[in-house]
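The values are calculated or read from the model by the stated rules, or taken from the named source; none is laboratory data. If you're wondering where the values come from, they're calculated on a predicted model, not measured in any experiment. No Cβ is skipped: glycine too gets one built from the backbone with ideal geometry, and neighbour counts run over all protein chains shown.
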Amino acid sequence: MVATSSPGAHLRHRSERIEPVPTSPPIRVAIVGGGRGGTALLDALHQIGTIEIVGIIDKDPSAPGLRRAQEINVTIYDRVADLIKIPGLNLVMDLTGDPAMKSVLQEQLMPETDLVSGQTSRLLRALVRHESALQTELLHAEKLAGIGSFAAGIAHDMNNPLQLILGLAENLTEETDLDAVHLQARDIIDAVKRTTAICRDLTSYSRRASLQQDCLIAVNGKLDEALKIARYAVALQDIEIRKLYQPDVVVKGNPDELLHVFVNLITNAVQAMEHHGTLTLETKAMADATQVRVSDTGSGIAPELLGRIFEPFFTTKPPGKGTGLGLYNIKNVIHHMNGTIEVESHVGRGSTFVLTFPSESSAGERKTPS
Amino acid sequence: MSEFKSGFFVGGESSNGRVLIVDDEPDIRKVVRMTLQKAGYDVLEAENGEKAIEVINSGENRLLLDVIICDIRMPKVNGIEAIAYFRQNYPRVPLIVLTGFPDTDMATSLLRQGVVDYLVKPVEGDKLKASVARAMEQRELAHL
């Protein structure tokens, strides 16, 4: 049983179709202007399954929107006339703010093509910016809500070294053997360092995802970091952890957001196993894609629920135990990275979440109009 | 203090009592052992519930054991499962919980099940010794 979520496509079910997914032809959109507004709009529309971005144009070849278009395989045009004559084009979005461009478009557009420009474009840009800010807030809020479930793990990991420190310090007040004093003082220093590391890990994880440009992320290291964080949320002592890492696997994205994705997937996997089973983390670099697989041997997901797991506020956890935003946010982060997320699940046997990203060598290829 | 052998308590009148500490953290077992041995107790250790059950069922330990100190969050057989086993099979041996995570609901539930004390780490040596001493009194009453 498989469910897929990818940018440009709503959830699809493969192998077994649960119910017919209504299909209607996508809205074919062209974007004129690749500045900040055009880039933001490109990113937003790219994630909507019912919209097909057929092309983009900007007179500045180094415009950020054109770079982004290359990354997500949207065709870049050199002439406005070529772009707006694409057969079946429904809508042209002019984000240049240039009245001359608006009048040219109004004159040359085919009757069946609508135009969005001027103040309407500005309004649209403002809405896209607002939606993007909300997504960021939602991701952070969901992460903070998740950290609430770390309390037991943090208390366990903090109070154990504190018990050692207290016990040794009490003993030192009466200890007369100098060698024993040195040994116990060293144990205290080590215990303090362990406690400090817990605080460092958690303060780093709980901060807001940095707004830095996407960068190359070493996936194996990020998965290991996520395991360290996830152990505060779920007990890993009885979980067998298999790491099938291919060396030097990288993806492009926001490292803080990817860490959050991995922590969520690992936490879900362990919870599905009710703390007994095998967690497999696998990374693989293929010719044109990079894949990360997170598998568990847990309860699996019922077929009738599989198609809904990426919906916002959908959860099978008891009230107060989950926000229902975890997988929804994961899907958004993966889509922002131009990746896809697919789930294979069998009730009673477990689930595998497969994350597929464009490989770094293929992501930057320029696609030119035919 | 009576002679201590690895894995077995040895009977003798000189010991203040025989305590089994069950915790997955070697550091915790070490420091609890240190505190209790200085107070005249014999101490055996187990790293999880499964090992604890093995230790109790070894030799005459089940007869000589006076108090069990048990953590909650442990691999294999965790504290909750282990405590249920101890209460069922060794109802006369007093149990003290020593946990890193204070949880009021769990504390209430465990005390209802007959656990004599619920201590949250870090606990001072004097408090731990007082708790073990109270448990010893209960153990002696159980023998009457």
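Test residue A:271 against the criterion of being polar (S, T, N, Q), within 14 Å of chain B (Cβ to nearest Cβ) and within 30 Å of residue B:97 (Cα to Cα), and give yes or no.
Working: polar (S, T, N, Q): yes; within 14 Å of chain B (Cβ to nearest Cβ): no; within 30 Å of residue B:97 (Cα to Cα): yes.
No, not satisfied.
Mind listing just one residue for me: the one in segment A:192-241 that is crowded, with 17+ Cβ neighbours inside 10 Å and in contact with a strand residue (DSSP E or B) (Cβ under 6 Å, 6 or more places away or on another chain) and, of those, farthest from the other protein chains (Cβ to nearest Cβ)?
Per the criteria, the residue is A:217.
Does residue A:53 count as touching a His at 6+ places or on another chain (Cβ under 9 Å), modelled with pLDDT of 90 or more and surrounded by 15 or more Cβ atoms within 10 Å (Cβ to Cβ)?
The answer is yes for residue A:53.
Can you tell me which of (1) at pLDDT below 90; (2) closer than 30 Å to residue B:76 by Cβ; (3) part of a helix (DSSP H, G or I) is the one residue A:204 doesn't meet?
(2)
Here's a check for you: in segment B:62-92, which residue that is among the hydrophobic types (A, V, I, L, M, F, W, C) and more than 30 Å from residue A:158 (Cβ to Cβ) is nearest to the other protein chains (Cβ to nearest Cβ)?
B:65
Out of all the residues in segment A:194-210, which are closer than 27 Å to residue A:71 by Cα and free of Cβ contacts under 8 Å to residues at least 60 places away in the same chain?
Once the filter is applied, which keeps residues that are closer than 27 Å to residue A:71 by Cα and free of Cβ contacts under 8 Å to residues at least 60 places away in the same chain, segment A:194-210 yields only A:210.
I'd like the full set of residues that are crowded, with 16+ Cβ neighbours inside 10 Å, β-branched (Val, Ile, Thr) and farther than 21 Å from residue A:25 by Cα, limited to segment A:89-123.
A:96, A:104
Assuming residue A:119 fulfils every condition listed in (1) in contact (Cβ under 8 Å) with a residue 12 or more places away in the chain; (2) of a type outside the set (Val, Ile, Thr); (3) assigned to a helix (DSSP H, G or I) apart from one, which condition is it?
Of the numbered conditions (1) in contact (Cβ under 8 Å) with a residue 12 or more places away in the chain; (2) of a type outside the set (Val, Ile, Thr); (3) assigned to a helix (DSSP H, G or I), the odd one out for residue A:119 is (1).
Pick from segment B:55-75 the residues that are under 21 Å from residue B:141 (Cα atoms) and of a type in the set (D, E, K, R): which of them is nearest to the chain's Cα centre (by Cα)?
This residue is B:66.
Going through A:236, A:259 one at a time, which residue ends up being assigned to a loop (DSSP other than H, G, I, E, B) and free of Cβ contacts under 8 Å to residues at least 60 places away in the same chain? Lay out the reasoning, then the answer.
On the way: A:259 fails: assigned to a loop (DSSP other than H, G, I, E, B).
Unique residue meeting the criteria: A:236.
If residue A:201 satisfies every condition in (1) among the charged types (D, E, K, R); (2) in contact with a Leu (Cβ under 6 Å, 6 or more places away or on another chain); (3) closer than 24 Å to residue A:151 by Cβ but one, which is the exception?
Every condition holds for residue A:201 apart from (2).
When you go through B:97, B:77 one by one, which is the residue that is among the β-branched types (Val, Ile, Thr) and touching a Phe, Trp or Tyr at 6+ places or on another chain (Cβ under 6 Å)?
Answer to the check: B:97.
For segment A:148-172, what are the residues that are polar (S, T, N, Q) and more than 10 Å from chain B (Cβ to nearest Cβ)?
Within segment A:148-172, just A:149 meets the criteria.
Determine which single condition residue A:154 fails, assuming it passes every other condition in (1) surrounded by 17 or more Cβ atoms within 10 Å (Cβ to Cβ); (2) touching a residue at least 40 places away in the same chain (Cβ under 8 Å); (3) closer than 30 Å to residue A:46 by Cβ.
(3)
In this structure, is residue A:262 within 12 Å of the chain's Cα centre (by Cα) and either surrounded by fewer than 18 Cβ atoms within 10 Å (Cβ to Cβ) or among the aromatic types (Phe, Trp, Tyr) (or both)?
yes
Based on this model, can you work out whether residue B:46 counts as more than 8 Å from chain A (Cβ to nearest Cβ), farther than 24 Å from residue A:191 by Cβ and buried (at least 20 other Cβ atoms within 10 Å of the Cβ)?
no
Restricting attention to segment A:242-256, which residues are assigned to a helix (DSSP H, G or I) and touching a strand residue (DSSP E or B) at 6+ places or on another chain (Cβ under 6 Å)?
Across segment A:242-256, the qualifying residue is only A:255.
What residue, of B:40, B:114, B:59, is modelled with pLDDT of 90 or more, away from chain A (no Cβ under 11 Å) and at positive phi?
From the options B:40, B:114, B:59, the qualifying one is B:40.
Name the residues in segment B:117-144 that are within 14 Å of chain A (Cβ to nearest Cβ) and of a type in the set (D, E, K, R), would you?
Those that are within 14 Å of chain A (Cβ to nearest Cβ) and of a type in the set (D, E, K, R): B:121, B:124, B:126, B:127, B:129.
Kindly indicate whether residue A:245 is touching an Asp or Glu at 6+ places or on another chain (Cβ under 8 Å) and either within 14 Å of chain B (Cβ to nearest Cβ) or free of Cβ contacts under 8 Å to residues at least 12 places away in the same chain (or both).
No, not satisfied.
Taking the condition within 14 Å of chain B (Cβ to nearest Cβ), closer than 30 Å to residue A:325 by Cβ, surrounded by fewer than 16 Cβ atoms within 10 Å (Cβ to Cβ) and not hydroxyl-bearing (Ser, Thr, Tyr), does residue A:145 pass?
no
Which count do you get for residues in segment A:328-361 that are out of contact with any strand residue (DSSP E or B) (no Cβ under 8 Å at 6 or more places or on another chain) and not β-branched (Val, Ile, Thr)?
Result for segment A:328-361: 7.
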